[in-house]
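J.: Here you go, one structure.
The values are calculated or read from the model by the stated rules, or taken from the named source; none is laboratory data. Because the structure is a prediction, the values reported are computed rather than measured. Cβ coordinates were reconstructed from backbone atoms using ideal geometry, including for glycine residues, and neighbour counts include every protein chain displayed. Keep in mind that these areas ignore ligands, DNA and RNA; they rest on the heavy atoms of the full protein, side chains included. Shrake-Rupley method; radii C 1.70, N 1.55, O 1.52, S 1.80 Å.
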Amino acid sequence: MAKKRIKPRPRPKARAKARSFSRTPAVENPEKVSPALVKQALSGSGGILRLAPTWVPRSFLMPGRRLKLHPADLYALGAQRGGIDERWFSSTTPAANEGAPWDEGLSYVVHGGKKVFTLREGINHEGERLIGGMLWERYQRWPVYSKFFDNFGPIPHHMHQNNAQAALVGQQGKPESYYFPPQLNATGNNFPYTFFGLEPGTTKQDVRRCLERWNEGDNGILNFSKAYRLQPGTGWLVPPCILHAPGSLVTYEPQWGSDVFGMYQSMVEGRAVPWELLVKDVPKERPSDLDYPVDQLVWDANIDPLFKDSHYLEPIATAGGDGHGARCIVYR
């Protein structure tokens, strides 16, 4: 009986590199550039700097796949770093991610086809010219940035410290706001609702007991909060020290130039949240003091029964005509 010859399978072709992820080459020392190069980039662009896309992963979240990033690039920084779910704009603020390179979160200026320096370094050299005398005199830096974040599901219930609390760890506080662009939210993904604050009647002891149960699975902190359905074309204002668990709409988020936070929820969608993310910005001498995270919360603001009245935002038309319009999406 003749043996049947088995043809070897052809080797799979190497996957083509995705083209949407920024692979613009950088100069060797983008934070050690000459003032002359910064002036050259400014004059060569007519004063309008072109910035490379700034992609940021979060290891504890799942990307929502709506930021127009090629699917093959969602884990371009490595699966251990997490999927890329954020794009930062005009940022001089590094991302506070474990294992991140020094420049993660920083925007780069592109000139002559290369990333020639970070926006932070450009402002160090030409601060007043780039951001105006008032901001430069007061902050000596570009103090804000914005981002798109896009997640398949919700973010853990967390807060951002105020200036006094953040100063204890050499940081600055972080107020922020949310706007849900209709253009990017044709689908709401897994959980288009956000928990804000705590239900009236919740006590500090209730929250402390949740933190005590951190390693027992879901610590139940969302049992003491209320979720609001998110509506594209609207937004929310979130001052420091207020708990919030953002939902799964693509969100445009103007905010202060800081990446301080504390996570108060031990599990989200069945995935464990590391304890280190609760105490990331807690003074080193108080990492296991459960009263400290509770005391960081502005209590009256978190249990406000009229929370929506003072935090929900709808755009305000500010101009129009000739087929154009302008709307203010962040105010108060």
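J.: Report the relative contact order of the chain, percent, no decimals, based on alpha-carbon pairs under 8 angstrom and at least 6 residues apart. Please report the intermediate quantities before stating the final value.
T.: Details: 682 pairs, mean separation 58.1, N = 332.
The value is 17 percent.
J.: Given a 1.4 angstrom probe, I'd like the percentage of the accessible area of the chain that is carbon and sulfur, rounded to a whole number. Write out the running numbers ahead of the final one.
T.: On the way: 9280 of 17610 Å².
Of all accessible area on the chain, carbon and sulfur atoms account for 53 percent.
J.: Over all Cα pairs of the stretch 42-109, how is the pair count split among 10 Å bins, expressed in % and running from 0 up to the last occupied bin?
T.: The calculated distribution, bin by bin, is 20, 46, 24, 9, 0.
J.: Another one. With a probe of 1.4 Å, find how much accessible area the chain has per residue, and write the answer as a whole number in Å². Walk me through the numbers on the way to the answer.
T.: Details: 17610 Å² over 332 residues.
Value returned for the chain: 53 Å² of accessible area per residue.
J.: Ranked highest first by average number of other Cβ atoms within 10 Å, how do 254-262, 321-329, 42-50 line up?
T.: Result, highest mean first: 254-262, 42-50, 321-329.
J.: Here's a follow-up. What is the stretch 193-257's relative contact order, in percent, from Cα pairs under 8 angstrom and six or more apart in sequence? All intermediate terms of the calculation are to be shown ahead of the outcome.
T.: Working: 54 pairs, mean separation 34.2, N = 65.
Relative CO of the stretch 193-257 lands at 53 percent.
J.: If eta is 1.567 mPa s and T is 4 °C, what Stokes-Einstein diffusion coefficient results for the stretch 191-241, Kirkwood Rh from Cα pairs, in µm²/s?
T.: Numbers: Rh = 12.7 Å.
Reported coefficient: 102 µm²/s.
J.: Roughly what would the spin-label model give for ASP300 and GLU31, points 7 Å off Cα along C-beta, in nm?
T.: With each label placed 7 Å out from Cα toward Cβ, I get 4.2 nm.
J.: Which whole-number percentage describes the relative contact order of the stretch 69-213, with Cα contacts under 8 Å and a sequence gap of 6 or more? Intermediate values should be presented prior to the final figure.
T.: Values: 135 pairs, mean separation 23.7, N = 145.
Dividing the mean separation by the residue count of the stretch 69-213 yields 16 percent.
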